[in-house]
Amino acid sequence: MAAEQKERYEARLDSFSLEMETIDDAIEKAIARHEFPYRDGALLEDMGQRARIIRIRCYWYEETYETHKEFVKHLARRERFELLHPKYGLLKGSVESVAIRHDDRLRTAEVDLSFVEGLIDSAEPERRPDVLKSTESGFVMGQAELVTEINQDIVNLLGTEGNDIAAAEIDPTELIAYQIKGLTQRGRDYIKAVDAYVAELGGTLNTVGNPVGSLLDLIQYPSTVGGHLAGSLARTLERYTVLYDSLRSAPRRYLSQLRNGLGALGLTHPHFTKHTQIAAVQRRSLETAALYQDDESLREQLKQRETAQSFDALGRYIGTESPWEPIMTIDDIEATLAEIRTDIQTAVSSARGMTSLKTMAETLLEYVSQVKLERDKIITVETPGEMPLHLICLRYGLPYAYAERIYSINAIKHPSFIPPGEVRIYAR
């Protein structure tokens, strides 16, 4: 007796219309079997559903025959696909395997594919953005925009003569005053002011060396007045970050000291105060992003430690050591973000055309917003009396490894002597 032909349906995978039939549809459970000596059977633990696999066969013939080649090429892409199934609705996942059978003479083709449905990516929040990489891109773009801003300010200040000064090619190792000729007294005074300020920047922290292999090594500043001034500012500001490097283990204090140190630059040179403040906030944005990135790495280490086993089957302690540096508290993160975004806004107000400043501000805000999503899992509890932080973890059913993260979201002076009152903890 001939096998009964399966029913065909109209479906869609991304932008491709399909005539298909379902070959197989498998749903499996992940069951952990715990077996014990001298006892029959096993203790079963349902670990959830495995990835659902749907095997379908698509038909291509006559006028749709040539389209199957584009379809197969589309399946080779490394991305998530959307399958609009006639019975199961919209499914998102990946294509695990493809089998093709075609006959050029009859202009027919059959394409069998295994579609694996994905659920975890749509149910869990996305990984936090790479805040340092995005901010570095904004910083590099911002240096070019700063050069443009300086040149435009020269033109605004000196008019037609400013165009000649901004466009002039110079040797950055020599004084500019000897290189640009035919200027008015006003133009000569401006060039002398540039030389004086660049010399002052070069003498600032001249005993501190600029680090080798820094981001500035990748930036090519143009051989113009604007490029010379922007490059000098960037190198001086970088030396300040080296000066305060020992404070990085206390991020909030480090950023505060950096802000205070850079705040006095350019105040005695009114022509360049604006440019100095813009360059300073660019550098501080970069340093803030670097500290956030380091903090994220420490948080990931803590999370891995919290889920790791602390003792082996024989009761021996095998727990991993915690990170040496403490993670930033929510208050620290919010305070540093508010401070840098306030200064970015001041810089944006003076240079509306510098879009990189807005990009860096948005990047930092997006990162902090992702970090603060964890606060949705926080509840407030009342401690009946003075007790250590690890005992609070035990009292509310949390692993003792949670202690460090709980410490980071509370204003706790001493983790071994927490007074009675409200304490924020993570809910499980």
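The values are calculated or read from the model by the stated rules, or taken from the named source; none is laboratory data. Being a predicted model, the structure only gives us computed values, none of them experimental. Here the Cβ is made from the backbone with ideal geometry for all residues, glycine too, and neighbour counts use every protein chain on show.
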(request) Give me the pairs, please: first residue somewhere in region 148-176 and without any contact (Cβ under 8 Å) to a residue 40 or more places away in the chain, second residue anywhere and in a helix (DSSP H, G or I) and of a type in the set (Ser, Thr, Tyr), beta-carbon distance under 7 Å, and either six or more positions apart or on two chains. (result) Leu158/Tyr190
(message) Every residue in region 234-258 that is surrounded by fewer than 17 Cβ atoms within 10 Å (Cβ to Cβ) and under 12 Å from Arg284 (Cα atoms), please.
(response) Ser256, Gln257
(request) Examine region 171-186 for a residue that is on the phi < 0 side of the Ramachandran plot, surrounded by fewer than 14 Cβ atoms within 10 Å (Cβ to Cβ) and under 36 Å from the mean Cα position of the chain (by Cα), and state whether such a residue exists. (result) no
(request) Please state which of the following conditions Thr355 fails to meet, knowing it meets all the rest: (1) surrounded by fewer than 19 Cβ atoms within 10 Å (Cβ to Cβ); (2) modelled with pLDDT under 90. (result) (2)
(request) May I ask you to verify whether Asn206 is polar (S, T, N, Q), surrounded by 13 or more Cβ atoms within 10 Å (Cβ to Cβ) and in the same structural domain as Phe139 (by TED's automatic domain parsing)? (result) no
(message) Going by what's in this entry, would Val198 be described as more than 25 Å from Arg252 (Cβ to Cβ) and surrounded by 19 or more Cβ atoms within 10 Å (Cβ to Cβ)?
(response) yes
(request) Only residues that are charged (D, E, K, R) and loosely packed, with under 13 Cβ neighbours inside 10 Å: list them for region 157-170, please. (result) Glu169
(request) Please find, within region 16-40, the residue that is surrounded by the fewest Cβ atoms within 10 Å (Cβ to Cβ) out of those that are of a type in the set (Val, Ile, Thr) and closer than 24 Å to Cys58 by Cβ. (result) Ile27
(request) Kindly provide the set of residues from region 217-264 that are of a type in the set (D, E, K, R), more than 28 Å from Asp331 (Cβ to Cβ) and in contact (Cβ under 8 Å) with a residue 40 or more places away in the chain, ordered by number. (result) Glu238
(request) Could you list, in sequence order, all residues of region 197-222 that are under 16 Å from Leu262 (Cα atoms), of a type in the set (A, V, I, L, M, F, W, C) and assigned to a helix (DSSP H, G or I)? (result) Val198, Leu201
(request) Return only the number of the condition from (1) in a loop (DSSP other than H, G, I, E, B); (2) within 30 Å of Thr108 (Cα to Cα); (3) of a type in the set (Gly, Ala, Ser); (4) modelled with pLDDT of 80 or more that Gly41 does not satisfy. (result) (2)
(message) Being touching a Phe, Trp or Tyr at 6+ places or on another chain (Cβ under 9 Å) and loosely packed, with under 11 Cβ neighbours inside 10 Å is true for just one of Leu90, Leu43. Which residue is that?
(response) Leu43
